[in-house]
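The values are calculated or read from the model by the stated rules, or taken from the named source; none is laboratory data. If you're wondering where the values come from, they're calculated on a predicted model, not measured in any experiment. Because the Cβ atoms are built from the backbone with ideal geometry, glycine has one as well, and the counts that use them run over all protein chains shown. For accessibility, only protein heavy atoms count, side chains too; no ligands or nucleic acids. Shrake-Rupley method; radii C 1.70, N 1.55, O 1.52, S 1.80 Å.
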Amino acid sequence: MDIKSGCSVEQGLSNEKVIVIDFGGQYNQLVARRVRECNVYCEIYSYRTDIEQIKAMKPKGIILTGGPNSCYEENAPACTKELFELGIPVLGLCYGAQLMMLVLGGNVEKAPVREYGKTQVHVDPSSPLFAGVEQETVCWMSHFDYISRIAPGFFTVAHTDNCPVAAAQCPDKKLYAIQFHPEVLHTVEGTKMLYNFVRGVCSCGGTWRMDSFVEESVRQIREKVGDGKVLLALSGGVDSSVAAGLLSRAIGRQLTCVFVDHGLLRKNEGDEVEAVFGPDGDFDLNFIRVNAQERYYGKLAGVTEPETKRKIIGEEFIRVFEEEAKKIGAVDFLAQGTIYPDVVESGLGGESAVIKSHHNVGGLPDYVDFKEIIEPLRDLFKDEVRKAGLELGLPEQLVFRQPFPGPGLGIRIIGEVTAEKVHIVQDADAIYREEVDKAAVSYAKEHGAAAPWRPDQYFAALTNMRSVGVMGDERTYDYAVALRAVKTVDFMTAECAEIPFAVLQTVMNRIINEVRGVNRVLFDISSKPPGTIEFE
Ligand code: XMP
């Protein structure tokens with residue numbers, strides 16, 4: 001099997017690229033996303049990237065991110081002076097700004113006053129960075145070092161009460177340094193500043209758009225695939241669905257999608273996926289639905305240990321997919337719905353990578369006979385994947401679907417999984433989602449803004465607890481359903497979303513009345529940590 005690295009559709013798509021050099025800052029992906037919001041294509045690279053490689057990429061601009069170190073310390077992440085002599089505009093942010101100053105002959109030292117949080121900044125609106133920005137503007141500061149002397153050729157274009165150099169520039173060389181973080185939304189006019197840099201200073205025309213992405217990807221997929229056959233494991237999640245839509249538009253029936261219904265999907269989800277991608281749907285492709293419910297329930301019978309359950313579900317997926325793939329025979333390409341954060345977080349992009357490996361990137365399946373891997377969404381952030389999905393005509397409810405774990409309801413049923421329990425949790429979850437969605441829509445209509453409590457992920461789980469209750473005149477001994485609702489940015493930490501009590505009451509009443517086998521409804525208020533979002 002000849003496995004090449006994923007097919008990226010970027011090459012050739014956008015001849016104007018800005019690169020973000022990552023010094024380990026927590027906002028590195030955010031910088032790239034903001035740049036892309038300016039319709040400029042942007043990629044993240046580690047500060048260790050060789051200068052020759054950077055030159056070969058011919059970026060129209062370079063942005064140096066923040067980072068946790070002090071740039072004057074020995075072995076601190078650094079860059080060569082040559083980076084600033086390429087004639088390419090460079091914007092340094094926080095650590096990147098300090099490094100630029102230090103490398104070019106300025107000075108950086110520990111600040112007498114540490115600045116953290118929203119800070120009033122006085123800017124010089126004649127600077128190209130601050131065109132159209134209010135002279136007094138709120139910016140997000142987070143630094144303990146400061147630029148105590150700017151490098152020769154630079155002059156200061158912003159300051160705060162505690163920070164003499166909040167921004168400096170050397171317009172002749174197109175070098176700009178900003179102490180604060182324009183990429184975070186707390187910096188009220190940050191997007192404008194980044195826009196000024198990439199569209200103004202770097203002269204990018206703004207050609208990165210989802211309609212052109214789709215068009216260009218289709219062209220490149222056709223070129224790469226030729227008359228070959230492509231196989232895609234379709235889960236019904238956003239990424240694999242958008243990948244299916246894109247591949248279908250490019251190569252039609254040369255694409256086969258295998259959708260494994262493991263019986264652990266949400267209520268009606270299997271049929272919804274089939275309605276979109278199956279023979280009666282709008283997409284031209286070969287769709288194979290494998291109804292493996294019984295097989296999964298059989299394997300899971302009597303198993304209660306969470307990790308063992310996860311392992312069984314994962315392994316069984318491989319077995320089922322393998323069997324289907326064998327029926328299809330050798331294919332030329334195996335497609336995957338890998339997206340850009342997966343790439344960055346797996347260490348193939350920026351600096352923060354070493355944090356976690358991602359199943360989509362590192363582990364290529366070796367159980368299917370294919371020649372190459374194809375990853376048409378490899379360059380996109382999640383919000384861009386969604387835009388591409390809409391562009392391709394996927395239904396909104398699929399495109400804006402909340403995250404759903406691979407092992408599905410298997411990890412939302414505590415203890416043994418049975419068909420009966422699956423039905424209970426499916427029905428309770430459907431009611432809960434319906435009522436929360438309804439309440440969120442009516443709040444938005446009434447207030448003209450999204451409800452502040454609107455959760456980022458919310459679902460029902462089935463506890464393994466049965467307790468005594470009374471219904472009518474009868475004693476019951478039934479299950480307790482737990483409702484979870486969290487607000488989160490990155491799913492690494494989360495807070496309980498404060499769903500209005502009236503909504504919870506409606507949900508409770510409906511679940512108790514409509515779902516047999518449940519006599520208690522609990523609302524989980526744990527944050528993460530210590531609780532995880534899922535129950536197992
Ligand atoms: P936890 O439970 O770890 O969940 O707080 C964080 C986020 O990850 C999702 N999740 C998974 N997604 N396979 C997935 O594709 C999994 O095994 C898995 N486990 C958790 C979870 O839904 C939440 O969004």
(message) P(r) for the range 93-163, please, calculated from all Cα pair distances in 5 Å bins and given in %.
(response) 4, 16, 24, 26, 21, 9, 0
(request) Assuming 1.306 mPa s and 10 °C, estimate D for the range 49-174 with Stokes-Einstein, Rh taken as the Kirkwood radius over Cα pairs, in µm²/s. (result) 105 µm²/s
(request) Starting from the alpha-carbon convex hull of the range 406-469, give the projected area averaged over all orientations, in nm². (result) 5.9 nm²
(request) Leaving ligands, DNA and RNA out of it, report the carbon-plus-sulfur percent of the accessible area of the range 1-141 at a 1.4 Å probe. (result) 45 percent
(request) With a cut-off of 14 Å, note down the residues of the range 159-199 whose backbone N falls inside the zone around a label point 7 Å from the Cα of GLN120 toward its beta carbon. (result) 159-163
(request) First select every other residue whose beta carbon is under 13 angstrom from the beta carbon of ARG249; then total the charges, Lys and Arg +1, Asp and Glu -1. (result) -3
(request) Name the residue farthest towards the positive end of the dipole of the range 227-343 from the options GLY270, ILE318, ALA233, assuming +1 on Cβ of Lys and Arg, -1 on Cβ of Asp and Glu, about the Cα centre. (result) ILE318
(message) Can you compute the label reach from ASP282? Point 7 Å from Cα along the Cβ direction, backbone N cut-off under 16 Å, restricted to the range 241-255.
(response) 241-250
(request) Would you mind getting me the FRET efficiency between GLN135 and SER203? Use the beta-carbon distance for r and R0 = 35 Å, nearest 0.05. (result) 0.85
(message) Defining a contact as two alpha carbons under 8 Å apart and six or more residues distant in sequence, what relative contact order in percent does the chain show?
(response) 12 percent
(request) Would you mind getting the accessible area per residue of the chain, heavy atoms of the protein chains only, 1.4 Å probe, in Å²? (result) 44 Å²
(message) If each DSSP helix of 4+ residues adds -39,500 (n - 2.57) and the sum is divided by the residues in the chain, what number results at 222 nm, nearest 500 deg cm²/dmol?
(response) -9500 deg cm²/dmol
(message) Using 0.36 nm times the number of residues separating GLU52 and ASN107, minus their current alpha carbon distance, what extension gain do you get?
(response) 17.1 nm
(message) Sort 450-463, 120-133 by packing, meaning the average of other beta carbons within 10 Å per residue, with the highest value first.
(response) 450-463, 120-133
(request) Treating only the Cβ atoms of Lys and Arg (+1) and Asp and Glu (-1) as charged, compute the dipole magnitude of the range 449-536 about its Cα centre; round to the nearest 20 debye. (result) 120 debye
(message) Could you tell me the relative contact order of the range 148-191? Use alpha-carbon pairs under 8 Å, at least six residues apart, and round to a whole percent.
(response) 23 percent
(request) Just the Kirkwood number for the range 370-424, please: inverse of mean 1/r across all distinct Cα pairs, in Å, one decimal. (result) 14.3 Å
(request) May I ask for the net charge around ILE424, where only other residues with Cβ less than 10 Å from the Cβ of ILE424 are counted and Lys, Arg are +1 while Asp, Glu are -1? (result) -2
(message) Tell me the volume per residue, in Å³, of the convex hull enclosing the alpha carbons of the range 377-536.
(response) 141 Å³
(request) State the extension gain, in nm to one decimal, for the chain segment bounded by MET492 and SER527, taking 0.36 nm per residue of separation less the distance between their alpha-carbons. (result) 11.5 nm
(request) May I ask you to list the lysines whose Cα is less than 26 Å away from that of LYS299, ignoring any residue fewer than eight positions away on the same chain? (result) LYS267, LYS309, LYS311, LYS326, LYS327, LYS421
(message) For the chain, take N as its residue count and report Rg(C-alpha) divided by 2.2 N^0.38 Å.
(response) 1.09
(request) Can you tell me how much longer the chain between ASN291 and HIS423 gets when fully stretched, taken as 0.36 nm per residue apart minus their C-alpha distance, in nm with one decimal? (result) 45.9 nm
(request) Starting from one equal scatterer on each C-alpha and no solvent at all, send me the Debye-based log10 I(q)/I(0) for the range 466-536 at q = 0.16 Å⁻¹, two decimals. (result) -0.65
(message) If Rh is defined by the Kirkwood formula over all Cα pairs and Rg also comes from Cα, what ratio Rg/Rh do you get for the range 179-263?
(response) 1.20
(request) Tally the DSSP beta bridges in the chain and give the antiparallel ones as a percent, rounded to 5. (result) 45 percent
(request) Take each uninterrupted DSSP H stretch in the chain, measure its Cα extent along the helix axis, and return the ones at 18 Å or beyond whose mean Kyte-Doolittle hydropathy is at least 0.0. (result) 238-251, 501-514
(request) Please report Rg over Rh for the range 137-205, where both radii come from the alpha carbon positions and Rh follows the Kirkwood definition. (result) 0.97
(request) Calculate what fraction, in whole %, of the accessible area of the range 431-474 sits on carbon and sulfur atoms when a 1.4 Å probe is rolled over the protein chains. (result) 50 percent
(request) Using the charge dipole of the chain (Lys, Arg: +1 at Cβ; Asp, Glu: -1 at Cβ; taken about the Cα centre), state which of VAL515, VAL399, PRO152 has its Cα farthest towards the positive end. (result) PRO152
(request) Express the Stokes-Einstein translational diffusion coefficient of the range 277-317 in µm² s⁻¹, to the nearest whole number, given a Kirkwood radius over alpha-carbon pairs, 10 °C and a viscosity of 1.306 mPa s. (result) 129 µm²/s
(request) Under a cut-off of 23 Å between alpha-carbon atoms, report the lysines in cross-link reach of LYS174, not counting same-chain residues fewer than 8 places apart. (result) LYS17, LYS55, LYS58, LYS60, LYS81, LYS192
(request) Using a 1.4 Å probe over the heavy atoms of the protein chains, calculate the carbon and sulfur portion of the accessible area of the range 218-337 as a whole percent. (result) 47 percent
